[in-house]
């Protein structure tokens, strides 16, 4: 499995993935918005990201403050490889709900893919300031960024920090160990 997919899966495991958002229900949104959101989620589950985007856009037209729809739109854009639009969607979700660490974490991943280390680190740091459970995954992403730039010592520091935090997720620990061994060769 490619390393970028492994890091993504680790982050999803830490963040609870794209499971139904707690507290989101039809009664919180104008008629039809939640239905479009649910259709979009079903399309994502089928791998039909383009069609899912249309459903999320319909949900947002009905409820411009629907942060879950923006966040899911970000995910669909990310899966399609459109990292700039994914970042825009996560930024929109953050404007509505700035205290959701998942949006910040995903925004950091977008900036990593866009090659903007400063914004990547800032977004990931915000994620783990809001919820310390995000720090190990964030350290892996930052380490991977440094590793891809050929900065092995900086990458090793991030991977070691991930191990020092002692996360409870054995997959995350294993990914950090493998990454640390790779850069220490």
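The values are calculated or read from the model by the stated rules, or taken from the named source; none is laboratory data. Here the structure is a predicted model, which is why all the values come from computation and not from measurement. With ideal geometry, Cβ positions are generated from the backbone for all residues, glycine too; neighbour counts draw on all protein chains shown.
Restricting attention to region 46-82, the residues that are more than 11 Å from residue 29 (Cα to Cα), outside any helix (DSSP H, G or I) and more than 18 Å from the chain's Cα centre (by Cα) total 2. Identify all residues within region 128-165 that are free of Cβ contacts under 8 Å to residues at least 24 places away in the same chain and outside any helix (DSSP H, G or I); write none if there are none. Across region 128-165, the qualifying residues are 150, 151.
Scan region 14-23 and give yes if some residue there is outside any loop (DSSP other than H, G, I, E, B), surrounded by 14 or more Cβ atoms within 10 Å (Cβ to Cβ) and at pLDDT 85 or above, otherwise no. No, region 14-23 has no match at all.
Take the residues of region 166-185 that are part of a helix (DSSP H, G or I) and buried (at least 18 other Cβ atoms within 10 Å of the Cβ): which is nearest to the chain's Cα centre (by Cα)? Here the answer is 172. Of the residues making up region 24-63, those that are loosely packed, with under 13 Cβ neighbours inside 10 Å and either over 23 Å from residue 100 (Cα atoms) or in contact (Cβ under 8 Å) with a residue 12 or more places away in the chain (or both) are 31, 46, 47, 50.
Whether any residue in region 97-110 is more than 30 Å from residue 43 (Cβ to Cβ), in a helix (DSSP H, G or I) and out of contact with any strand residue (DSSP E or B) (no Cβ under 7 Å at 6 or more places or on another chain) is what I want to check. Within region 97-110, not a single residue is more than 30 Å from residue 43 (Cβ to Cβ), in a helix (DSSP H, G or I) and out of contact with any strand residue (DSSP E or B) (no Cβ under 7 Å at 6 or more places or on another chain).
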